[in-house]
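In what follows, a structure is listed as structure tokens, so that the remarks can point back to it.
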Amino acid sequence: MHYTKKQIWILGIVAVTSFLGTFLISSVSIALPAIEKSFGLDAVELSWVVTAFLLSTAMFLLPVGRWGDVKGIRLLFKVGVVIFTLSSLASGLSATGFWLIFFRYIQGIGTALTTTTGPAILVSSFLPQYRGRVIGIAVSAVYLGLALGPFVGGWLTESLGWRSIFYVVSVLGVFTSIIAFLFFGEDKVYEGKSQKTDLKGTFFYMLGLVALVYGSSFIPSISGWLMQGGGILALLIFWLLESRSEMPVIETRLYTRNRLFAYSNLAALINYSATFAIIFLLSLYLQKIQSLTPREAGMVLIAQPVMMALFSPLAGRLSDQIQSRYLATLGMVMCTIGLVAFAFLSPSTPVWVIVMVLIWEGLGFAFFSSPNMNTIMSSIGKSQYGFASGSAATMRVIGQIFSMTIATLFFAVMFGDMAIERVSVSLFMNALQWGFISFSIISIAGIYFSMSRGDMKRTGEQV
């Protein structure tokens, strides 16, 4: 296929913003000890440097999807890049831990704007038969960010200080903003599209997410479970309000009447719930049990995101010729097998075995993610791209939060108030194994929904 200059710039900018979001997650995680020393934060406050970013991203993904369909996906993308860039600079200049957490929250809003609208802009800019490959490139950029974050972030932190991570990102953000305003153009207005949105349910959606995320840090105490229950109740109220609204933020009928769309989103939620905590758990295992240094552990863990980055474009391209449900289901099966293998880890497991399982897991995730995203974006009408993109991104972030909640729950129940370094090897391995067993069971459910979604229809229409 011959790409126009405009299409090349669109693909490049969407890929860069996809890269920056995950790069920040992984690079800031490496810099947390330096941030802790800089501001004197306690463990809970330090965790919010990461949690605030994920929470705000999750809170705004679905509303942004609807707003993009109403106000224009290109407009919101440009606004998102500007917010992300300014908040990145502000994060680097933060004088206290409170302001760093605050600007990280704002940064998450900018990420939600670009994450939701980016894939929608891609599918509206390329012919349907080429969507899989361009989505695959964007997904590959996500995993490239995960792979490079620990190494680049670690090097920047050691050489120039943790603030340099945000400065570098803000410089890239300025470049991205300029290109976006030059090449993205204006949005098309579709006739008959509602220009208003009923936002009554959005309050309950955001309240529910805050209660679930904040409450998870208090589990297994009663207050933690009460907040979890309150969060679920708020989300149920949100769903009921949206179902009855004439101008909803989310179109619930797409989940209840469009099997292809609903099952693909559910498969994504399950996949991220089962796999996101792998790096978190193995990082602790490699450093505590295998006595690897952080740099050595990073060299091992890079195997998974590298495979994701290398094979996501291929999987996306294959989904243009092969029904996506077969490729995605193959990926889910591979991920499940990898999770089962990790459940058999022991203190003496050779590092090369762990690397091989990570390679297998990364390959499975690549074969799932791009074809699944292609299916989601191809299962709805052209005026709903913003919502579909926001829905897929929301499944990803909520799945990530759910995955971490499961891992944290096992630690809280089995370790109590003990620090990780004080936990015995046998107790740590017990928690690790139960965590991977739980993730394996969750992943099995994902195989069913991935395979049962039905076939994706293809047309040659330019949208």
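Okay, here's what the table says:
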quantity	calculated
Hits in the range 213-269 (condition: part of a loop (DSSP other than H, G, I, E, B) and surrounded by 20 or more Cβ atoms within 10 Å (Cβ to Cβ))	Pro248, Val249, Ile250, Glu251
Qualifying residue in the range 119-126 (condition: surrounded by fewer than 24 Cβ atoms within 10 Å (Cβ to Cβ), touching a Gly at 6+ places or on another chain (Cβ under 9 Å) and either in a helix (DSSP H, G or I) or not assigned by TED's automatic domain parsing to the domain that holds Ser391 (or both))	no
Those residues of the range 135-168 which are closer than 26 Å to Met373 by Cα and of a type in the set (Val, Ile, Thr), in sequence order	Ile135, Ile137, Val139, Val142
Residues (among the aliphatic types (A, V, I, L, M), more than 19 Å from the chain's Cα centre (by Cα) and at pLDDT below 80) located in the range 252-285	Leu254, Leu284
Scope the range 390-408; condition within 15 Å of Ser273 (Cα to Cα) and modelled with pLDDT under 75; matching residues	Ala393, Met404, Thr405, Thr408
Candidate set from the range 340-364 (those that are closer than 20 Å to Lys288 by Cα and buried (at least 21 other Cβ atoms within 10 Å of the Cβ)); member that is nearest to the chain's Cα centre (by Cα)	Leu358
Options Pro150, Pro119: the member that is within 20 Å of Lys6 (Cα to Cα) and modelled with pLDDT under 90	Pro119
Residues of the range 289-313 satisfying the condition of being surrounded by fewer than 18 Cβ atoms within 10 Å (Cβ to Cβ) and assigned to a helix (DSSP H, G or I)	Pro294, Arg295, Glu296, Met299, Leu310
Check on Leu281, in a helix (DSSP H, G or I), touching a helix residue (DSSP H, G or I) at 6+ places or on another chain (Cβ under 7 Å) and under 16 Å from Gly399 (Cβ atoms)	yes
Any hit, the range 88-98, residues being surrounded by 24 or more Cβ atoms within 10 Å (Cβ to Cβ), more than 17 Å from Tyr167 (Cβ to Cβ) and either touching a Lys or Arg at 6+ places or on another chain (Cβ under 8 Å) or not aromatic (Phe, Trp, Tyr) (or both)	no
Some residue of the range 163-171 being among the polar types (S, T, N, Q), at pLDDT 85 or above and either closer than 24 Å to Val81 by Cβ or out of contact with any helix residue (DSSP H, G or I) (no Cβ under 9 Å at 6 or more places or on another chain) (or both)	yes
Scan of the range 332-351 for residues that are part of a loop (DSSP other than H, G, I, E, B) and of a type in the set (A, V, I, L, M), ordered by number	Ala343, Leu345
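The values are calculated or read from the model by the stated rules, or taken from the named source; none is laboratory data. Since we're looking at a predicted model, the values are computed, not measured. All Cβ positions, glycine included, derive from the backbone under ideal geometry; neighbour counts span all protein chains shown.
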